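Asker: Below is a structure I'd like to ask you about.
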Amino acid sequence: MAEPLRPFDPDADADYQAWRRRKLADPPQPAFIEIEDPEAPDPSQRERLARDCARYNFALFRFTPPPADPQPALKGLGAHFGLSHIDANLCAKDSGLTEITVKDTGTDNHYIPYTNRPIGWHTDGYYNDMAHQIHGMMLYCHQPAHEGGVNQLMDHHIAYIRLRDQNPGWIRALMAPDAFTIPPNIEGGVEIRPATVGPVFSVSPDGTRLHMRYSARQRNVIWKDDPLTREAAAALLELLNGDDPFILQLKLAAGEGVLSNNVLHTRSGFTDAPDPALKRVMFRARYHDPVTR
Ligand SMILES: [Fe+2]
């Protein structure tokens, strides 16, 4: 049997070029896949979701009709794609799914997800230690905001391609195990999470999966003090703030969601309707597993 391609090895240029050609030949975004029964999607729906996640690192789905209680539906759907090791979260309820809506989290720190403020480019769990990285993520809209609350998505494979095409040395810099540090999280003088140090891009031991750990926030990321790393970080930020055709703008409607290998994403600020029963409600699940067939 032929050896698998090693497109993420900075020294395997032929493998990279072959993979890159195929990747860029696909249209920039997948279409929504309608699912009638989230806990038992039919084989063709399952196949399309898996194929889109393999091609784009994300798939877009729409529950028809949207379930009254999305939590079992989302967990059921995830289970079909190997998503079982859910990440414990400070604010998660028992099901392991986090409801994201404007609320008082009762902590000193102001957690932006639970406000209506914008969130810049990041991958989820970038502050987790390297043994607990988030490889799979689902985001689902139960009720959209009255105004705003638009997500942008970018497959991290595309970010890798754009940087490697400009300077393969940037990829090497961003693969360094000390590329960036997240300082410790301290609340009320108590350290609730130690500092984490790690790479931006990392590759699975078999060379076939690329993982990305990233936050565009300047305040809580300490980049390695090295010219190549700083150049690479600046180029990455410029890419994400630009108008690359592979950046998807997405205002999810009720019943719509994203199944992903924790791709890069943002959220714009939003305004809720005056009636509290109509406020924006999203669900998010983070997994240590990637999406698999
Ligand atoms: Fe996120």
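The values are calculated or read from the model by the stated rules, or taken from the named source; none is laboratory data. Since the model is a prediction, treat every value here as computed from it, not as a measurement. FYI the Cβ positions are ideal-geometry reconstructions off the backbone, even for glycines, and counts take in every protein chain you see.
Asker: Taking the residues in the stretch 25-71 that are in contact with a Leu (Cβ under 8 Å, 6 or more places away or on another chain) and among the acidic types (Asp, Glu) as candidates, determine which candidate is modelled with the lowest pLDDT.
Answerer: So, considering only residues that are in contact with a Leu (Cβ under 8 Å, 6 or more places away or on another chain) and among the acidic types (Asp, Glu), the one modelled with the lowest pLDDT is Glu39.
Asker: While we're on this one: Is one or more of the residues making up the stretch 121-141 farther than 30 Å from His80 by Cβ, surrounded by fewer than 18 Cβ atoms within 10 Å (Cβ to Cβ), away from the ligand (no atom under 11 Å from the Cβ) and modelled with pLDDT of 90 or more?
Answerer: No, because not a single residue in the stretch 121-141 is farther than 30 Å from His80 by Cβ, surrounded by fewer than 18 Cβ atoms within 10 Å (Cβ to Cβ), away from the ligand (no atom under 11 Å from the Cβ) and modelled with pLDDT of 90 or more.
Asker: Then there's this: Of the numbered conditions (1) within 16 Å of the ligand (Cβ to nearest atom); (2) modelled with pLDDT of 95 or more, Pro168 fails exactly one; give the number of that condition.
Answerer: Unmet condition: (1).
Asker: Next question, about the same structure. Give the residues of the stretch 118-147 that are part of a strand (DSSP E or B), among the aromatic types (Phe, Trp, Tyr) and in contact with a Ser or Thr (Cβ under 6 Å, 6 or more places away or on another chain), sorted by residue number.
Answerer: The one that is part of a strand (DSSP E or B), among the aromatic types (Phe, Trp, Tyr) and in contact with a Ser or Thr (Cβ under 6 Å, 6 or more places away or on another chain): Trp121.
Asker: Scanning for something at negative phi, basic (Lys, Arg), in contact with a strand residue (DSSP E or B) (Cβ under 7 Å, 6 or more places away or on another chain) and touching a residue at least 60 places away in the same chain (Cβ under 8 Å), does the stretch 16-25 turn up at least one residue?
Answerer: Taking every residue of the stretch 16-25 in turn, none turns out to be at negative phi, basic (Lys, Arg), in contact with a strand residue (DSSP E or B) (Cβ under 7 Å, 6 or more places away or on another chain) and touching a residue at least 60 places away in the same chain (Cβ under 8 Å).
So that you can scan it fast, the table gives a plain yes or no per residue for (1) in contact with a His (Cβ under 7 Å, 6 or more places away or on another chain); (2) of a type in the set (A, V, I, L, M); (3) over 16 Å from Val263 (Cα atoms):
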residue	(1), (2), (3)
Arg6	no, no, yes
Lys23	yes, no, no
Arg46	yes, no, yes
Ala50	no, yes, no
Cys53	no, no, no
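Asker: Would you pick out the residues in the stretch 80-89 that are touching a residue at least 60 places away in the same chain (Cβ under 8 Å) and assigned to a loop (DSSP other than H, G, I, E, B)?
Answerer: Phe81, Gly82, Leu83, Ser84, His85, Asp87, Asn89
One line per residue, one yes/no per condition, for (1) in a loop (DSSP other than H, G, I, E, B); (2) among the small types (Gly, Ala, Ser); (3) surrounded by fewer than 16 Cβ atoms within 10 Å (Cβ to Cβ):
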position: Ile158; (1), (2), (3): no, no, no
position: Ile161; (1), (2), (3): no, no, no
position: Asp165; (1), (2), (3): no, no, yes
position: Gly169; (1), (2), (3): no, yes, yes
position: Arg172; (1), (2), (3): no, no, no
position: Gly207; (1), (2), (3): yes, yes, no
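Yes or no, residue by residue, for (1) outside any strand (DSSP E or B); (2) surrounded by 20 or more Cβ atoms within 10 Å (Cβ to Cβ); (3) at pLDDT below 95:
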{"site": "Gln218", "(1), (2), (3)": "yes, no, yes"}
{"site": "Ala234", "(1), (2), (3)": "yes, no, no"}
{"site": "Leu237", "(1), (2), (3)": "yes, no, no"}
{"site": "Asp244", "(1), (2), (3)": "yes, no, no"}
{"site": "Ala254", "(1), (2), (3)": "yes, no, no"}
{"site": "Val258", "(1), (2), (3)": "no, yes, no"}
{"site": "His265", "(1), (2), (3)": "no, yes, no"}
{"site": "Pro274", "(1), (2), (3)": "yes, no, yes"}
{"site": "Phe283", "(1), (2), (3)": "no, yes, no"}
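Asker: Can I ask one more? Pull out all pairs, ordered by first then second residue, where Cβ-Cβ is under 6 Å, the residues are six or more apart or on different chains, the first lies in the stretch 257-282 and is under 23 Å from Arg213 (Cα atoms), and the second is surrounded by 14 or more Cβ atoms within 10 Å (Cβ to Cβ) and of a type in the set (Asp, Glu).
Answerer: What qualifies is Asn262/Asp124; Val263/Asp155.
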